[in-house]
């Protein structure tokens, strides 16, 4: 699309942070150096682009961060970037720094911004999917999702210890506003009694039936996973409904919350982030623009951003079935 | 006190479970075997004593549990044990099993029960302090406290990743209804901006002042630890008060909850539990009764239960001072 | 293949243990119950089959094991099973128990045994790939591989702390006798200076050159990952060769060893194991035999065992390239 | 000793690094600021003092390092500091920076250096015990010891999974050249079959006897902990001796090695390091010099360095006894 060769890349993180973002930034910086390009870090996403919070990055700046959660470039929301004036200001700052290509690491909102910006100003940009929600098409997994799943099951492992010791029923709320990926994974991975997700409504009667039948089978622990955005309400609401049907149960609720956003990334997320960071730089060098880079079936794939952000990614049917069978 | 030699020990866990209880049970069973005594496990605490849920334990029953959280003997509340009739029933069941000594692992309520039971029926019993709250005198640390502190700081480490990335102010609620031990430790251990505990009221103005002065000093992260039982309210209430003073802050709340009760015990808790389990059995053999066994200054110490449960244990003044200095 | 309906499944683990094997056994037992089949556990693999160490399994037997490393059915080598007489004895024991289908969880050697057994006696069997080495075709990942990679990088994270503090060069040996999967993953995931694997010989001069160039670039840490089965020798041999060229380097060696075989399985391995366990039972019900069940591109796939054990699975070229770029 | 008020503190880490050193440096910097003193970081210990590798430290420099293993000030050996000329050069550099007090964080060798330096040049210095070996008097625990113990037992937990699955006998070598603290703790904490330490020679016959008797009792796992500096040799030598007596045992050896030096410090070590860092600064302000600050029975205590480095600290007799009873 762009005819001018890429010489200076701007990289930034945007939207909710996800473990592995630092590993992705590192990979962008190091591969850019490998290909003799310059890299500038834009702090606090689009907001920093507007505020001109932009600094040159060298290999030394990304040493010893691969294993850290969060993003050292920080992230922020930017109301101003939603205005044409804000975007113009951002463009001017990039131009002043001679930045002629962008790598944006974030979720669907962040990629939408990049798409818009490309259409308006033509600076080629490549998106890297970084979000614990795993709700982007064009990649089998988003950066941070595997870490969040592991954080969730490790927390639930601890909760199970106390649930079993006291024969309690626990409702554990995990993140995933519109997508039940973490919930279904954590449900299978923690041997949950049931998993309630936004995509599928489980009638309260079905849940009660399941719990009663497990009580008969003398299951040792009863943990119900609830995705935060479920239509039936969060863990607290559902626990209160269940309490009415099962007044003798000793019920507790834990909302895992922001725990799931942090922590040292897993092996999977580090490798994924490293791969996508290198592939983003190589994509820009090869003239790609307005695309998101992902890994599908272990292969690097570039998908038009417009296509990737249309969230049609769904939890696998097999996973639903297996979660159901194993919770009986 | 008792003139008859101990031949058969009943062991049980009671009250809120704590990581390391399994290690303590194991130590009781194995040291009893070492001294040629028999051991019976009483399931679900005093309730199981009344329900006659009592089984013989061999070394094989405590294999591979040292590292597990929770308690495989389970724990439960018993309303019936609070009645003379209930305690009589419990006593009859013990007698029917020829159990002539008890080891109870639990917190102050559990030890109070043992004290009462001893006074009424004369069965010698030794208490082992097992509670994450660390609120028992007669021991430097209770079983589970160190693990809970580590669980708390590891969770806060993850939260800090996302707090720093978004320049957010987090209120993290930790356990400790009447005692701020976990909170103060987690506050020092996680570099908190402030720590609010039941024992000391911090005026909201002081907290606001601290946060403002940290903002000036451009501290990277702002995490306030709140003990659940604080007089100023839980994390949620305090965060709402602060929000009024600092409307521009991006504030989040996480309640760690039952996470802190489970998980594989730390090295410290495993060693402590092992030591106390052996010392409880040796104490019974040596004619001790109605005492709690603890470790003070690395030495095993037996304290009358009545004295241990009078909760006058307080967070160290040095710890307060250090927490304050390091949060400036 | 078999015309008789499956009624009783024998399940066992064989070969080197891998984290997630317990989760797979649990899934086999619970899904068999779900489909109204009986399940028998065969202890210590083929050896237990010959020794008739076979016990009925109920849901209760697989409670609270999902999150544990190792295999509660144990594993062992069996010289006798390699003889026709041994296999006949094994067959007779299965017949005496009315076991008319098998699920074997293990690596290539274990699946080879199942294939041979099927050819000789016609008992339908399905293999589940359980090995940390990831060296089986017919599945994107084997059970235990993801956990082993995470164990490796977490260990290397600790080593990096001390490597950076002392400006030392570390050689860390990871498992993978014939396959560099763990090494390459750990190399990318830990930001290694170089990764030496069995599949590709790196001349010692290239390694020396890389280290010297990193020294110039003032890289903070220098960790070289060595797969145990490399042709250039293990970590110890290579470190000694390097020492001759770089006599002033402060060099240390750590061999991670059996650490990598144990530990609580990751979210990925728990989900994979659960999925494969259910799919193995469903496969048997649907008349499949002499196949291995795997997951390729998130879909359950059955591959003839004979095809799966021909180890032509190779580390991805992209991974090599990315490892190389990021280590410069 | 010194009549001039302290105005500028030099802080450095020396000797083998230990988790929690960063937390100690942070506490020194932050409490110095709290008391309106300046702080300079001396890189790479005595070597950096000689090379004049000295930089001013502000609060910002110690942000977000509390939870990291290693030491960002680095550590190194210095042959030159052992010479009077070297020490003179070091002194001149300190003087040039107007540094008039020192905090040294390290083990006995590092404290010895400080003692010598104080005697020669009179710059007041306070030592903070930082070593995983726990072999310093004047404190109940040294910084890093608790973390190392936890790293050891977590590794052994993983090894036990595979040991149990294969009925193997494992010899695990832990650190502790002259002191069996880590070994005895890990032995109790991991339920070891035996623990071999430098301080006490266990005849090979006793070990064989123990293993045979455990085999009879059908213990599930057999793990022998060996401290690296044991007179009977390391894990490898002992395993070979045992193999001769028990040729049918399936024996494996794992040397944990430098793993034990790194990793995020535990709650205990973070609190200890924070406390000692503050107390060191307060000690200097109060005119103390040539002392090591420690915590004994939860109280801060200053001990003359000369007394602290005379290593007469011994593993507690109770611990030996308990380790023995629980391994039967």
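The values are calculated or read from the model by the stated rules, or taken from the named source; none is laboratory data. Note that this is a predicted model, so its numbers are computed, not measured. Cβ atoms come from the backbone with ideal geometry, glycine included; neighbour counts cover every protein chain shown.
Condition check: out of contact with any strand residue (DSSP E or B) (no Cβ under 9 Å at 6 or more places or on another chain) and either in the same structural domain as residue D:196 (by TED's automatic domain parsing) or assigned to a loop (DSSP other than H, G, I, E, B) (or both). Does residue D:287 satisfy that? Answer is yes for this residue.
Scanning the stretch A:164-184 for residues that are more than 10 Å from chain B (Cβ to nearest Cβ), free of Cβ contacts under 8 Å to residues at least 60 places away in the same chain and out of contact with any strand residue (DSSP E or B) (no Cβ under 7 Å at 6 or more places or on another chain) yields a single hit, A:177.
Looking at the structure I just gave you, is residue D:161 without any contact (Cβ under 8 Å) to a residue 40 or more places away in the chain and either more than 9 Å from every other protein chain (Cβ to nearest Cβ) or part of a helix (DSSP H, G or I) (or both)? So residue D:161 passes the test.
On the stretch given as the stretch D:227-249, residues that are in contact with a strand residue (DSSP E or B) (Cβ under 7 Å, 6 or more places away or on another chain) and not in a helix (DSSP H, G or I) total 6. Only one of the numbered conditions (1) within 14 Å of chain A (Cβ to nearest Cβ); (2) crowded, with 24+ Cβ neighbours inside 10 Å; (3) under 19 Å from the mean Cα position of the chain (by Cα); (4) farther than 21 Å from residue D:297 by Cα is not met by residue B:197, and that is (1). Scanning the stretch C:314-328 for residues that are within 19 Å of the chain's Cα centre (by Cα) and away from chain A (no Cβ under 11 Å) yields one hit, C:314. Selection within the stretch B:255-267: residues that are within 12 Å of chain A (Cβ to nearest Cβ) and part of a loop (DSSP other than H, G, I, E, B). The member of this set that is farthest from the chain's Cα centre (by Cα) is B:256. Within the stretch C:273-307, the set of residues being buried (at least 24 other Cβ atoms within 10 Å of the Cβ) and under 17 Å from the mean Cα position of the chain (by Cα) comprises C:273, C:274, C:275, C:276, C:277, C:292, C:293, C:294, C:305. Listed by position, the helices (runs of 4 or more DSSP H) enclosed by the stretch A:1-106 that each have at least 2 residues that are within 30 Å of residue A:266 (Cα to Cα) and within 12 Å of another protein chain (Cβ to nearest Cβ) are A:21-34, A:45-51. Of all residues in the stretch B:143-172, none satisfies the criterion of being closer than 28 Å to residue B:296 by Cβ and more than 29 Å from the chain's Cα centre (by Cα).
One residue alone among D:270, D:252, D:214 is at negative phi, within 14 Å of another protein chain (Cβ to nearest Cβ) and more than 29 Å from the chain's Cα centre (by Cα), and that residue is D:214.
If you go through the stretch A:220-249 and keep only what is within 14 Å of chain C (Cβ to nearest Cβ) and surrounded by 20 or more Cβ atoms within 10 Å (Cβ to Cβ), you end up with A:221, A:222, A:223, A:225. Scanning the stretch D:41-57 for any residue that is under 21 Å from residue B:220 (Cβ atoms) and crowded, with 19+ Cβ neighbours inside 10 Å turns up at least one such residue. Only one residue in B:187, B:144, B:138 is within 14 Å of chain A (Cβ to nearest Cβ), in contact with a strand residue (DSSP E or B) (Cβ under 9 Å, 6 or more places away or on another chain) and more than 16 Å from residue A:262 (Cβ to Cβ), so which one is that? The match here is B:144. Would you be able to say whether some residue in the stretch C:12-20 is closer than 22 Å to residue A:223 by Cβ, touching a helix residue (DSSP H, G or I) at 6+ places or on another chain (Cβ under 7 Å), buried (at least 24 other Cβ atoms within 10 Å of the Cβ) and touching a residue at least 24 places away in the same chain (Cβ under 8 Å)? Scanning the stretch C:12-20, I find at least one residue that is closer than 22 Å to residue A:223 by Cβ, touching a helix residue (DSSP H, G or I) at 6+ places or on another chain (Cβ under 7 Å), buried (at least 24 other Cβ atoms within 10 Å of the Cβ) and touching a residue at least 24 places away in the same chain (Cβ under 8 Å), so the answer is yes. Please work out if residue C:127 is touching a helix residue (DSSP H, G or I) at 6+ places or on another chain (Cβ under 6 Å), assigned to a loop (DSSP other than H, G, I, E, B) and surrounded by 24 or more Cβ atoms within 10 Å (Cβ to Cβ). Here the answer is no, as residue C:127 does not meet what is asked.
If I filter the stretch A:292-299 for residues that are without any contact (Cβ under 8 Å) to a residue 40 or more places away in the chain and closer than 30 Å to residue A:193 by Cα, do I get at least one hit? Within the stretch A:292-299, none of the residues are without any contact (Cβ under 8 Å) to a residue 40 or more places away in the chain and closer than 30 Å to residue A:193 by Cα. What are the residues in the stretch D:294-328 that are at pLDDT 95 or above, in a strand (DSSP E or B) and in contact with a helix residue (DSSP H, G or I) (Cβ under 8 Å, 6 or more places away or on another chain), if any? Matches in the stretch D:294-328: D:294, D:295, D:300, D:302. Of all the residues in the stretch A:188-226, those that are assigned to a strand (DSSP E or B) and touching a residue at least 60 places away in the same chain (Cβ under 8 Å) number 6.
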